[in-house]
Amino acid sequence: MRAAEGTHSMALRVGVIGGGQLARMMVPAAVELGIDIRVLAEGPGMSAAIAATAEGDYHDAETVLAFARDVDVVTFDHEHVPQSVLRALVDAGVAVRPGPEPLAVAQDKITMRTRLTELGLPVPDWAAVHDPDELRAFIDEHGGRAVVKTPRGGYDGKGVRVVSDPAEVEDWFIAVAEAGGGQSLLVEELVSFTRELAQSVARRPSGEIVAWPLVETVQRDGVCAEVLAPAPDSAGRIADLTESIAVRVAEELGVTGVLAVELFQTDDERILINELAMRPHNTGHWTIDGATTSQFEQHLRAVLDLPLGATGMNAPVAVMINVLGGPSDGDLAGRYPAALGAFPEAKYHFYGKAPRPGRKIGHVTVTGADPDDVVYRARSAASHFDD
């Protein structure tokens, strides 16, 4: 096909599977770099509709292979593409980044815990339990309470329950039994922690790795509500430790692109890995406005094996507030005049999603020098969009 007049036929081409807000936020970075970004969206009206060049089921290998035919590399808005589809892409000679092996670790929490334990990396005490008796034994050995997780598909607090009795996850055991194949649930110790942290790094196939400053995250009802960069009182030992953990995960698992490692800082000052995300992540959205290179630009650079960008901060402090739910009446646009007028220094990002209780529909970032002032202004700016 001949290139349209005024366009360059040799642009780098990145295909993103999944049409959510992460794909949407890759678009401005791609435009700035002159990258041809294409999106396989699950259906019409997705957040990344502006770049959707195809719609279809990412579970279907033929659909994904057809989408991947005209791109240089395939990457992801989420980690849910089946291994059979990922293998079909690799067998067809498509560059898949991150590849099937690291994504297998991100897709299954028991596989994740197994690999991290094999590598000697710090994780909560855990077990795979197949029935209520095994769960009861773990609970009794860990102070009478524990965290149970479904190995696949959970996010934003879904698929996670704090329990003191196996009966509280009876429905999950029934589902496991009906699924067959010897499946199990993941149970972990209920960690006593002082705060939650997140460390993001990016790695390119040739091995270069860079890290952003460590951040502190604030969760509400299992959903990330606020991110503070850099994490207060973390310079030195804690920041060095978290960076070394994330770098080791990326290297040992062969991650390409952005990797976010969510962590607990415990009461006795240990650092434990909670979750991994092998893609841009909510805890790194602050980098769009607060860092030299955003996680979205960096992800594109990394999967294309281009030199990575600087990760320093643009100001001493950056605070990101998620807009959860949105207005109970009216639309977001009706809130713009008051919010933008009151806090013109704030940066507003919305994802093209309709308001709904608990739903992440956007975020607000403020940067500055005084941590308390930046937190206040970020929260105040975001509050204009939530009732």
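Please get the size of the charge dipole for the chain, origin at its Cα centre, with Cβ charges of +1 on Lys and Arg and -1 on Asp and Glu, quoted in debye to the nearest 20.
1060 debye
Can you check what the Kirkwood hydrodynamic radius comes to for segment 117-179, Cα pairs only, in Å to one decimal?
12.7 Å is the Kirkwood radius here.
Out of the total accessible area of the chain (probe 1.4 Å, heavy atoms of protein only), what percent is carbon and sulfur?
Result for the chain: 50 percent of the exposed heavy-atom area is carbon or sulfur.
From the residues Leu190, Ala211, Gly222, which one has its Cα farthest along the dipole of segment 186-231 in the positive direction, the dipole being from +1 and -1 charges on Cβ of Lys/Arg and Asp/Glu about the Cα centre?
Of the options given, the answer is Ala211.
Extending each Cα 7 Å along its Cβ direction at Arg248 and Asp373, get the distance between those two points in nm, one decimal.
4.0 nm
Do any GluC sites (Glu not before Pro) in segment 253-331 lie in a loop, going by DSSP, with at most 10 other beta-carbon atoms within 10 Å of their beta carbon, and if so which?
Passing both the DSSP loop test and the Cβ count: Glu269.
Over segment 27-101, with the other protein chains present, what is the accessible area per residue in square angstrom, probe 1.4 angstrom?
The answer is 46 Å² per residue.
I'd like the distance separating the alpha-carbon centroids of segment 62-80 and segment 90-163, in whole Å.
The two parts, judged by their Cα centres, are 26 Å apart.
Can you work out the accessible area per residue across segment 258-322, with the rest of the protein chains kept in place, probe 1.4 Å, in square angstrom?
Result: 25 Å² per residue.
Going highest first, how would you order 101-107, 142-148 by mean Cβ packing within 10 Å?
Ranked from most to least packed, the peptides come out as 101-107, 142-148.
Packing-wise, with mean Cβ within 10 Å as the measure, how do 27-38, 332-343, 209-220 rank, highest first?
209-220, 27-38, 332-343
Please give the calculated 222 nm ellipticity per residue for the chain, where each DSSP H segment of at least 4 residues contributes -39500 (n - 2.57) and the sum is spread over every residue; nearest 500 deg cm²/dmol?
It lands at -9000 deg cm²/dmol.
With a cut-off of 8 Å between alpha carbons and a minimum separation of six or more residues, what is the relative contact order of segment 1-120 in percent?
The value is 22 percent.
Once you keep just the Cα pairs under 8 angstrom separated by 6 or more residues, what percentage relative contact order results for segment 61-191?
23 percent
For mean projected area of the Cα convex hull in nm², several values are listed as (i) 40.0; (ii) 23.7; (iii) 20.8; flag the one computed from this structure.
So the calculated entry is the one marked (iii).
Normalising by the residue count of the chain, find the relative contact order in percent from Cα pairs under 8 Å and 6+ residues apart.
13 percent
At a 1.4 Å probe radius, which order do Lys158, Lys109 fall into by accessible area, largest first?
Output order, biggest surface exposure first: Lys158, Lys109.
The values are calculated or read from the model by the stated rules, or taken from the named source; none is laboratory data. Every value quoted in this text rests on a predicted model; they were computed, and no experiment measured them. Note: ideal-geometry Cβ built from the backbone for every residue, glycine included; neighbour counts use all protein chains shown. Just so you know, the surface numbers come from the protein's heavy atoms only, side chains and all, with ligands and any DNA or RNA stripped out. Shrake-Rupley method; radii C 1.70, N 1.55, O 1.52, S 1.80 Å.
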